[in-house]
Amino acid sequence: MNATFSSPASRWPSDAKRGLTPFLLLLLLAGPVGCSTVKVGEPLTRTMGGNDAEARMEFWHTLNGRTVTSNDEAFHALLLFLDDEDPAESYPQRVEALAARGMLPTGFDGTAEEGVTRGTVAVVVVRALELRGGVLLNLMPRSPRYATRELQYHGLYQASSPHQTLSGANFVAIIGRVEDYQRASVAVHKARNGDPAGRGSSGTSS
């Protein structure tokens, strides 16, 4: 007997179908639809990848207005956040730099132009902040899914899918929250070590 495919909508009662808009009904009858990869035309790093103060300012300002943040743009920004500089001269070098630290998802193979996903950024941030997480994150420390959940738990991410891409404004806002979180963690560490005012070893106030 020959097997035939039928979508869920084809088995619905006719009165249920009448409650759907024509567009939604068409999608249901058509069956599963594939997702296309979001890409940028040209990453900003090809013209704004410098390390001097002016180049950084121009990069962050321009990125904030981008509809989509590419992998190359995100990795340049993350290296600036991690090391205060990005010595890499190309996207493959940025990938290599982050992969060498175990900061990329297992099996990552995204291109420079593809939109960076929340999950990919989450893996980098979780590793950078040394967040311990739960059992599953410890078993799979480079899992975009569990890294995303960990950032949501700490208030660094809003509820979202690890597969969602980030606009420039979204990405910049996340980096801002991560920096705030990092500063707060340093202050707590100093307080626990006898420096409640966060003044450092000198103990003097301005």
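Apply 1/(1 + (r/R0)^6) to the Cβ-Cβ distance of ALA53 and ARG132, taking R0 = 30 Å, and write down the FRET efficiency to the nearest 0.05.
Details: r = 35 Å, r/R0 = 1.16.
Efficiency, rounded to the nearest 0.05: 0.30.
Once fully extended, how much extra length lies between ALA100 and ALA184, figured as 0.36 nm per residue of separation less the alpha-carbon to alpha-carbon distance?
Details: separation 84, 0.36 × 84 = 30.24 nm, distance 2.76 nm.
Net length gain for the segment: 27.5 nm.
Pull out the extension gain between ALA169 and PHE108, defined as 0.36 nm times the separation in residues minus the alpha carbon to alpha carbon distance; nm, one decimal. Present the calculation step by step, with values, prior to reporting the outcome.
On the way: separation 61, 0.36 × 61 = 21.96 nm, distance 2.39 nm.
Gain on extension, ALA169 to PHE108, equals 19.6 nm.
Any chance you could run the full-extension gain for SER160 through ALA191? It's 0.36 nm times the residue separation minus the Cα-Cα distance, nm to one decimal. Kindly include the intermediate steps, with their values, before the conclusion.
On the way: separation 31, 0.36 × 31 = 11.16 nm, distance 3.36 nm.
Result: 7.8 nm gained on full extension.
Quick note: the coordinates plus some simple rules give every number you see, no bench work behind them. Bear in mind the structure is a predicted one, so any value in this text is a computation, not a measurement. Heads up, the Cβs are rebuilt from the backbone with ideal geometry, glycines too, and the neighbour counts pull from every protein chain shown.
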